[in-house]
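Colleague: I'd like to ask you about the structure that follows.
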Amino acid sequence: MFLTVDFNDKRPLYQQVADGIKALIARGVLREGMTLPSVRQVAGDLGVNLNTIAVAYRELQEEGFLAVRHGAGAVVASRRSREVDEDALRKPLRTALTQLVLAGLNDREIAGFVQRELEWLLEKGGSR
Amino acid sequence: MSAEGNAFLPLASASLVLAVRLFFLVRRLWDYPLNHGPGFFLGVAVEPGFYEGPGIRWLKRYRTLLLAQHAILVSAFVVPVALHRWNDLPVMAPVDVITFFSMIGGFILWTRRRLGASPPRLSSVAVTLDARRLSDYISWPMEAMVAAFLAFSWALLFTHGDLHFRWQWPVLITYAVMGMLPGKIILARYSFPLPPERTEEHHRWLEANRRYSLRVMESMRWFFVAILAGYAVRHGLPSGKTIWLQWSFLAVAAAAFLLMTAILIRGSGQLAAMGRDLRPVGSWAGPFQPARLMLRGGLAWSILYCAGLAALLVFFGR
């Protein structure tokens, strides 16, 4: 399983790493109990500072997706975010939908777009 | 042992090593720059039609250097044989390592400077999320066994060594064996960001490459360890009663050598087939780091290792 990062992406690198890992968890590619590589390994592979990856792992840990155990490294803890506040979940969705409306897509196109993304997200993991 | 007996073992093993190296030259090294297809020359991306134009000259330079390196190796065999200095035949091994690393490695670095000073920078790269641990690649119990055999050989030579043995071989072999450990660690830890296209294949190829190099080094180390143990037994224990032990270590050394040869020939063929239409390492730069051909620390280790071997050879040759 691989994590892809893009230099042209506007998100900061740590965010791309955290989002990439979340997407793999959501798709079921990364399952509960699986061990992630060490911060040193990911930073070395990418050629970036250790802190960048450490921040991404810390964010995932705070959101409850990772458990960091001494000696065992970072382990996937759960497929569900601790954050269940509906408002907080709605905000990024609203931002993304706004982008699509501003890009000139109509309702049906947006629905199709969202459907395809959801299918892509779930294709590896099968059922939720 | 008689003079003929003394000559037989070093001569037979040196001939075998030379035969394998010449076979490897013809089968694998001759066309090595073309391993990744006509789009690359030794890890550098080249323009279409390169091999009809300047590529002919580059290939000629590479092959001339390769022949020169093998000529030195052949001399390291022929000169002691012509002078009947059988005990000097093992010098072939360090001479081969030093000249191969410096001449071919130097040529690869020079090629990159002249042909591929600025490889394309990929804006998007991938990394594996499979955890790698040192113990996945290096067996510490095996390392302990290597250390135990070396310690046994040294203890035997120190306490029971006869008047005929020469310290230069135990020192050289111990250096060759122990000096490879940092190289193995560097190899086990090396990493590159992967291209976003055909990521899985690039990853599999790089992993196979890593395991192949580690296996070659491991079998080479066991070959040396068995040679040293056999040498220590020969010079440290009464020969009448322990001849079977000498032959046992010799058999282990022969097995390790055959294993290394099999890995070298089969493994390099498989790697060439796997990587035929993949990008070679060093032909791309990640968004956050320059293109790397060598492993981080690999260049420093090779220079230090070869310099140490050369220094020992010069010191003992005086």
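The values are calculated or read from the model by the stated rules, or taken from the named source; none is laboratory data. Just so we're clear, the structure is a prediction, and the values are computed from it rather than from any experiment. Here the Cβ positions follow ideal geometry from the backbone for every residue, glycine too, while neighbour counts run over all protein chains shown. Only protein heavy atoms, including side chains, enter the accessible area calculation; ligands, DNA and RNA are left aside. Shrake-Rupley method; radii C 1.70, N 1.55, O 1.52, S 1.80 Å.
Here's the yes/no breakdown for (1) in contact with a Ser or Thr (Cβ under 8 Å, 6 or more places away or on another chain); (2) farther than 30 Å from A:Phe7 by Cβ; (3) small (Gly, Ala, Ser):
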{"position": "B:Arg204", "(1), (2), (3)": "no, no, no"}
{"position": "B:Val216", "(1), (2), (3)": "no, yes, no"}
{"position": "B:Ser239", "(1), (2), (3)": "no, yes, yes"}
{"position": "B:Ile243", "(1), (2), (3)": "no, yes, no"}
{"position": "B:Met260", "(1), (2), (3)": "yes, yes, no"}
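Colleague: Being under 17 Å from the mean Cα position of the chain (by Cα), modelled with pLDDT under 85 and buried (at least 16 other Cβ atoms within 10 Å of the Cβ) narrows it down to one of A:Arg90, A:Arg128, A:Arg79, so name that one.
Modeller: On the way: A:Arg90 fails: buried (at least 16 other Cβ atoms within 10 Å of the Cβ); A:Arg128 fails: buried (at least 16 other Cβ atoms within 10 Å of the Cβ).
Only one candidate passes the filter, namely A:Arg79.
Colleague: Looking at the stretch B:275-290, which of its residues are within 21 Å of B:Leu109 (Cα to Cα), in a loop (DSSP other than H, G, I, E, B) and over 24 Å from the mean Cα position of the chain (by Cα)?
Modeller: Going through the stretch B:275-290, the residues within 21 Å of B:Leu109 (Cα to Cα) turn out to be B:275, B:278-286, B:289-290.
Okay, now just the ones that are also in a loop (DSSP other than H, G, I, E, B), so B:275, B:278-284, B:290.
Listed by number, the residues that qualify are B:Trp284, B:Pro290.
Colleague: So if I check each of B:Phe100, B:Phe50, B:Phe107, B:Phe23, which one is over 18 Å from the mean Cα position of the chain (by Cα) and not assigned by TED's automatic domain parsing to the domain that holds B:Ser219? Break it down stepwise before answering.
Modeller: Working: B:Phe100 fails: over 18 Å from the mean Cα position of the chain (by Cα); B:Phe107 fails: over 18 Å from the mean Cα position of the chain (by Cα); B:Phe23 fails: over 18 Å from the mean Cα position of the chain (by Cα).
Only one candidate qualifies: B:Phe50.
Colleague: Something else about it: Can you list the helices (runs of 4 or more DSSP H) lying wholly within the stretch B:92-196 that have 1 or more residues being open to solvent by 50 Å² or more (accessible area, probe 1.4 Å) and more than 17 Å from B:Ser213 (Cα to Cα)?
Modeller: Here the list reads B:106-115, B:140-160, B:168-189.
Colleague: Say we look at the stretch B:233-257 and pick out the residues that are surrounded by fewer than 18 Cβ atoms within 10 Å (Cβ to Cβ) and of a type in the set (Phe, Trp, Tyr); which of these is farthest from the chain's Cα centre (by Cα)? Give the steps one after another, and end with the answer.
Modeller: Filtering the stretch B:233-257 for residues surrounded by fewer than 18 Cβ atoms within 10 Å (Cβ to Cβ) gives B:237-245, B:247-248, B:251, B:254-255.
Adding the requirement that they be of a type in the set (Phe, Trp, Tyr) leaves B:244, B:247.
Working: B:Trp244: 30, B:Trp247: 26 Å.
Applying the filter and picking the extreme gives B:Trp244.
Colleague: Of all the residues that make up the stretch A:1-46, how many are open to solvent by 20 Å² or more (accessible area, probe 1.4 Å) and in contact with a Pro (Cβ under 7 Å, 6 or more places away or on another chain)?
Modeller: Number of matching residues: 2.
Colleague: What number of residues in the stretch B:35-53 are open to solvent by less than 60 Å² (accessible area, probe 1.4 Å) and not in a strand (DSSP E or B)? Steps first, please.
Modeller: Keep residues of the stretch B:35-53 that are open to solvent by less than 60 Å² (accessible area, probe 1.4 Å), which gives B:35-37, B:39-46, B:49-51, B:53.
Still in the list and also not in a strand (DSSP E or B): B:35-37, B:39, B:42-43, B:46, B:49-51, B:53.
Selection size over the stretch B:35-53: 11.
Colleague: Right, here's the next one. So, in the stretch B:91-136, exactly how many residues are in contact (Cβ under 8 Å) with a residue 60 or more places away in the chain, within 14 Å of chain A (Cβ to nearest Cβ) and of a type in the set (A, V, I, L, M)?
Modeller: Residues in the stretch B:91-136 being in contact (Cβ under 8 Å) with a residue 60 or more places away in the chain, within 14 Å of chain A (Cβ to nearest Cβ) and of a type in the set (A, V, I, L, M): 4 in total.
Colleague: Related question: Residue by residue through the stretch B:294-318, note down the ones that are over 17 Å from the mean Cα position of the chain (by Cα) and surrounded by 15 or more Cβ atoms within 10 Å (Cβ to Cβ).
Modeller: Hits for the stretch B:294-318 are B:Arg296, B:Leu312, B:Leu313.
Colleague: Six or more apart or on different chains, Cβ atoms under 7 Å: show the pairs whose first residue is in the stretch B:27-46 and closer than 19 Å to B:Ser118 by Cβ and whose second is of a type in the set (D, E, K, R) and open to solvent by 60 Å² or more (accessible area, probe 1.4 Å).
Modeller: Matching pairs, first to second residue: B:His36/B:Arg276.
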